[in-house]
Structures are given as C-alpha cells and as structure tokens.
Amino acid sequence: FLLVPLPSVPPPSSPAPHTCQGLAPCLPEEGHVNTSGPRLLLATLHPASGSSAAMDRIVSALLLSLLLLLQSYGVCGAPPQPRGTLCRTKPTDLVFIIDSSRSVRPHEFEKIKVFVSQVIEGLDVGPNSTRVGVINYASAVKNEFSLKTYQTKAGLLQAVQRIEPLSTGTMTGLAIQFAISRAFSDSEGARVRSPNFNKVAIVVTDGRPQDGVQDVSARARAAGIEIFAIGVGRVDMHTLRQIASQPLDDHVDYVESYSVIEKLTHKFQEAFCVVSDLCATGDHDCEHICISIPGAYKCACKEGFTLNSDGKTCSACSGGSGSALDLVFLIDGSKSVRPENFELVKKFINQIVDSLEVSEKQAQVGLVQYSSSVRQEFPLGQFKNKKDIKAAVKKMAYMEKGTMTGQALKYLIDSSFSVINGARPGVPKVGIVFTDGRSQDYITDAAKKAKDLGFRMFAVGVGNAVEDELREIASEPVAEHYFYTADFRTISKIGKKLQMKICI
C-alpha cells in the first residue's frame with residue numbers, strides 16, 4: 001500500500017455542509033466532495049501470494065493509521081491547536097463590530113478576518129458556552145451573522161471567510177446602536193442578562209466616525225455590554241476612549257497597521273479564559289517568571305528583585321535612603337511624533353515611574369515637554385506618589401511643533417534641577433531625553449554641561465532620531481546610556497532596560 005499526497009484544491013465557492021460529532025473525522029454529506037484538509041490516494045499493490053486473513057490485517061492497520069492521521073488535522077479540517085493554548089471559556093455572547101469603510105483596503109480587511117478567526121479559535125464555542133456574531137459596518141450596517149446562526153467553531157470560521165468589505169463611510173455609532181437593539185436581542189440568540197454570562201463587543205476601526213459614539217456607547221455599557229475598542233493607523237484615540245469600558249487601559253488597544261493586529265489575539269483569548277495553563281502560551285510580559293494559577297497567571301521575580309506595582313516588571317531598588325533620586329523626563333512633542341505615538345510615549349514614562357519608590361525621601365519625578373518651545377508639565381516633588389504622577393502624565397497635551405532639543409537641555413540644566421523647582425541638594429540627578437528626530441538647534445554645549453554638572457543622562461531615540469545626537473547627550477559609558485529603536489511599538493522593551501539601569 002502507498003499513501004501518496006495529492007496537491008490541494010481550492011474549496012468551492014459555497015462550502016458543502018458538514019456534520020461533525022466529538023473527535024470523529026469530519027465526513028461530507030452525501031453527494032458532496034470533501035476538499036478540506038489533506039487528501040490521500042490509496043494505491044493497492046496486490047501481493048504475489050498471501051492469505052486473505054493477512055490481507056485483512058493489513059487493511060485494518062492501514063485504515064486505523066488513516067483515521068489517526070485525519071484526527072491529527074482536527075475537526076472539519078481545522079489545524080490542531082498547540083498543547084497548553086486551549087482553555088474553557090466562561091459562557092459569553094460575543095459580537096465583533098468591524099469597520100470596513102473605504103479607508104480599509106481589501107488586503108487589510110483580510111487581516112481583520114484573520115484576527116477574528118484566531119480569537120474564535122481560542123474560544124469554547126457552543127449553544128451553552130460561547131456564541132459569536134459579527135456586525136460589518138461602513139455608512140450602513142450589515143449583520144453578517146447572529147449569535148444564534150452558528151453553533152460550531154467550524155461554521156463560524158467558514159462564515160468569517162465569506163465576509164466582504166462594504167467600502168463606504170464610517171458610521172461607528174450606528175453600528176453600536178445596531179448591536180444594542182438587534183445583535184444582543186433575544187430574537188438574535190442573546191441570552192438573558194445574568195452573572196453567569198458575559199456580553200462582550202469588540203469594535204475594530206481605523207478612522208474618525210461620521211456620527212456620535214459617546215452616548216450610544218454609554219447606553220451599551222449600561223445594558224451590561226463590555227466593550228473593547230481596537231484602533232488601527234490614524235484612528236482617533238479620543239473616540240476609542242469614548243467607546244470602551246473601564247478601565248480604559250484594559251479595554252483600549254492601538255496598533256499602527258492591520259499587518260500587526262494579530263498580536264492582540266492572545267490578549268482576547270486570555271480575556272475569555274477561565275481554566276488553562278496560561279504560562280504555556282507565553283511569558284505574558286512577565287519580566288522574569290510567569291506562574292500559572294487556576295484560571296489566570298501571575299508574575300514573579302528572581303532572587304534579589306522585587307515585583308513592581310504593575311505586576312509584571314521587577315526592580316532591584318529595595319527602598320531606603322539609598323534609592324533617593326531626582327528624575328526628570330525631557331519628552332519630544334514635535335509634530336513628527338504623531339498623536340497615537342505620543343500616547344505610547346506616555347505609557348513609556350509611566351512604565352519607568354512604576355519601577356520607582358516615589359516619596360519625599362526617595363524618588364521624585366519631574367516632566368518637561370519640548371517642541372519649538374519648552375513647557376514644564378510638572379516639577380520635581382509636586383506629586384508625592386505614583387498614582388498622581390501617572391494621572392498627570394496621562395493628561396499631558398501634545399504640543400505638535402518643532403524639535404528644539406538644545407533649548408530643552410538648557411532648560412533642564414537651568415530650571416528642572418534647581419532647588420526652586422524641587423531638586424534636593426546631594427541627591428543623584430537623572431535626566432531621560434526622548435526624541436524622534438534631528439534637533440533644529442545646537443545641542444553640544446548643553447549636553448556637555450549637563451554631564452559636567454554630574455547629571456546622569458539617558459538618551460532614547462525612535463524613528464528618525466540621529467544616533468550621533470543620542471550619543472552626544474548620553475553619559476559615559478555611552479553604550480549603556482543611549483537606546484534606539486525604529487518603531488514606537490517597541491519602546492516598552494527600552495523601558496524595561498531603563499528601569500534596571502536607573503535602579504542600579
């Protein structure tokens with residue numbers, strides 16, 4: 001007997017219905033040809049001699065092997081899930097609300113469909129577990145399928161692949177209203193509001209809506225619908241915050257392009273997960289150690305380190321008088337940064353703040369933003385705890401002008417580290433300069449003076465930042481005090497390195 005693989009054949013435009021039960025391989029209905037999954041040609045070579053009983057044993061063994069092979073490809077031809085990535089999900093009515101306005105190109109819309117499919121792959125789908133619906137919207141709203149339409153994961157995945165973009169305007173508020181009045185209604189398969197069931201909407205959009213979203217989103221949340229808002233590209237971040245449930249840090253996500261939206265898959269799989277070895281799916285941004293606990297995970301640190309308040313990063317700072325520090329951030333607010341990236345910079349600042357022991361006797365933090373001019377957001381010592389500092393950072397408005405880094409460095413020397421602005425005599429001074437482009441003024445004298453005064457200077461550059469300028473700003477040894485990345489999305493990795501270096 002020979003098992004010969006045949007080339008794959010594209011599926012028909014209207015997929016044939018299949019019936020699957022349990023772990024049995026999926027068989028086509030009568031009159032249909034199953035073209036999904038691997039196809040094998042069984043060629044029989046008649047032996048020159050041998051008993052029929054021996055032949056029966058060979059055929060039986062072959063059929064058993066074929067059955068196991070089919071099962072290894074999962075139910076209905078779906079690829080097998082890796083060990084440790086599946087979990088039991090709390091019964092949920094989940095509705096995707098996806099933007100297919102004209103700004104979403106066809107190949108980008110395919111990326112949205114991949115993201116939706118991957119989230120579905122991690123769910124426990126069924127009439128008594130998780131039900132899934134999809135709303136497609138542009139200038140109008142199209143109910144692609146309801147919560148009651150498909151009761152199997154295979155049916156959902158096939159339906160997602162058939163969704164086509166509408167390619168008109170962006171009526172996000174209208175789509176959310178449709179979710180309230182129609183998608184989450186009893187007639188469409190939604191279950192009665194209960195502590196035993198979650199009602200969740202995931203909104204994916206890449207633009208500014210042409211209608212209002214604040215009031216309708218508030219009504220949705222009041223109706224018990226938990227809303228996640230995902231923004232892509234030049235999306236309006238204020239709109240996302242109006243849509244999403246609280247806390248916003250957990251319910252608002254941003255990606256720069258549809259090509260990387262798949263990186264959010266694990267977040268949503270975990271959000272719905274009740275029981276699983278979650279650490280088996282990755283480190284979940286735990287800086288040192290990930291520990292699985294029933295239905296969740298927690299982070300821990302290696303010996304000699306302590307877990308920071310963010311629950312993920314670790315710090316070598318042990319508190320006490322030895323950790324007294326005056327730290328000032330000097331942040332580039334020029335127009336080249338762009339609003340969505342400026343939000344990432346704020347998260348970067350707060351990531352560093354999380355690693356500090358903030359108090360009158362320990363770490364003090366100040367913040368200065370610069371563009372064509374310099375603006376002190378708050379001086380050293382104004383805020384006495386992390387919570388107030390982080391709240392002030394989040395409120396910081398984007399200046400959006402030029403890039404006068406030299407002028408900003410001079411302000412740091414003359415004002416930020418002065419006693420009148422909260423600096424403490426004899427306490428180590430640290431400056432973190434963040435920029436994304438070439439300075440429009442001269443930086444050499446101010447950069448040298450800062451280091452001559454004993455300030456420990458770190459330089460962080462992104463995108464079009466000039467590495468020679470970063471080195472000029474950075475303290476010795478330069479290699480340990482300057483950082484560069486081409487992508488704003490990776491500055492959190494720099495943040496982790498800075499946390500440790502500032503502590504030491």
Subject >> Residue that is nearest to the chain's Cα centre (by Cα), among those in segment 191-248 that are of a type in the set (Ser, Thr, Tyr) and buried (at least 18 other Cβ atoms within 10 Å of the Cβ) >> reply: 205
Original post:
Taking segment 312-335 as the region of interest, how many residues are at pLDDT below 85 and open to solvent by 30 Å² or more (accessible area, probe 1.4 Å)?
Top reply: 6
Original post:
Counting only residues that are in contact with a Phe, Trp or Tyr (Cβ under 9 Å, 6 or more places away or on another chain) and among the acidic types (Asp, Glu), which one in segment 85-143 is nearest to residue 225 (Cα to Cα)?
Top reply: 93
Original post:
Which condition number in (1) part of a strand (DSSP E or B); (2) modelled with pLDDT under 95 is the one that residue 432 fails?
Top reply: (2)
**OP:** Restricting attention to segment 293-309, report how many residues are open to solvent by 30 Å² or more (accessible area, probe 1.4 Å) and either among the basic types (Lys, Arg) or at pLDDT below 75 (or both).
**Re:** 10
**OP:** Return the pairs, sorted by first residue and then second, in which the second residue is among the basic types (Lys, Arg) and open to solvent by 40 Å² or more (accessible area, probe 1.4 Å), the first residue lies in segment 219-245 and is assigned by the TED database to the domain that holds residue 99, the beta carbons are less than 8 Å apart, and the residues are 6+ apart or on different chains.
**Re:** 223/193; 224/193; 227/221; 229/241; 235/208; 236/208; 239/208; 245/221
Original post:
Residues in segment 122-132: is at least one within 16 Å of residue 244 (Cβ to Cβ) and crowded, with 16+ Cβ neighbours inside 10 Å?
Top reply: no
**OP:** Inspect all residues belonging to segment 493-504 and state whether any of them is closer than 16 Å to residue 347 by Cα, β-branched (Val, Ile, Thr) and in contact (Cβ under 8 Å) with a residue 40 or more places away in the chain.
**Re:** yes
**OP:** Write out, first by first residue and then by second, each pair whose Cβ atoms fall under 6 Å of each other, whose residues are 6+ apart or on separate chains, and whose first residue, in segment 116-143, is in the same structural domain as residue 158 (by the TED database) while the second is basic (Lys, Arg).
**Re:** 124/88; 125/153; 136/142
**OP:** Kindly indicate whether any position in segment 352-375 is within 27 Å of the chain's Cα centre (by Cα) and open to solvent by 30 Å² or more (accessible area, probe 1.4 Å).
**Re:** no
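Can you list the strands (runs of 3 or more DSSP E) found entirely within segment 40-156 that contain at least 1 residues being out of contact with any Lys or Arg (no Cβ under 6 Å at 6 or more places or on another chain) and either aromatic (Phe, Trp, Tyr) or modelled with pLDDT of 50 or more (or both)? Show your work before the answer.
On the way: elements: 40-43, 92-99, 131-137, 141-145.
Passing ranges, in order: 92-99, 131-137, 141-145.
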Original post:
When you scan segment 473-502, how many residues do you find that are open to solvent by less than 20 Å² (accessible area, probe 1.4 Å), of a type in the set (A, V, I, L, M, F, W, C) and in a loop (DSSP other than H, G, I, E, B)?
Top reply: 1
Original post:
Which of the residues belonging to segment 442-465 are part of a loop (DSSP other than H, G, I, E, B) and open to solvent by 30 Å² or more (accessible area, probe 1.4 Å)?
Top reply: 442, 453, 454, 464
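Name the residue, out of 159, 175, that is open to solvent by less than 30 Å² (accessible area, probe 1.4 Å), aliphatic (A, V, I, L, M) and either assigned to a strand (DSSP E or B) or farther than 16 Å from residue 227 by Cα (or both).
Working: 175 fails: either assigned to a strand (DSSP E or B) or farther than 16 Å from residue 227 by Cα (or both).
So the residue among 159, 175 that is open to solvent by less than 30 Å² (accessible area, probe 1.4 Å), aliphatic (A, V, I, L, M) and either assigned to a strand (DSSP E or B) or farther than 16 Å from residue 227 by Cα (or both) is 159.
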Original post:
Does residue 326 meet the test of being out of contact with any helix residue (DSSP H, G or I) (no Cβ under 6 Å at 6 or more places or on another chain) and of a type outside the set (A, V, I, L, M, F, W, C)?
Top reply: yes
**OP:** Scan segment 265-274 for residues that are open to solvent by 30 Å² or more (accessible area, probe 1.4 Å), within 21 Å of residue 199 (Cβ to Cβ) and either at pLDDT 75 or above or not acidic (Asp, Glu) (or both) and report the count.
**Re:** 4
**OP:** Mind telling me which of the residues 430, 419 ends up being assigned by the TED database to the domain that holds residue 353, out of contact with any His (no Cβ under 7 Å at 6 or more places or on another chain) and touching a residue at least 24 places away in the same chain (Cβ under 8 Å)?
**Re:** 430
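The values are calculated or read from the model by the stated rules, or taken from the named source; none is laboratory data. What you see is a predicted model, and the numbers here were worked out from it, not measured in a lab. Counting neighbours? That spans all protein chains shown, and the Cβs are built from the backbone with ideal geometry, glycine included. When the accessible area is computed, the model is the full protein with side chains, heavy atoms only, and any ligands, DNA or RNA have been set aside. Shrake-Rupley method; radii C 1.70, N 1.55, O 1.52, S 1.80 Å.
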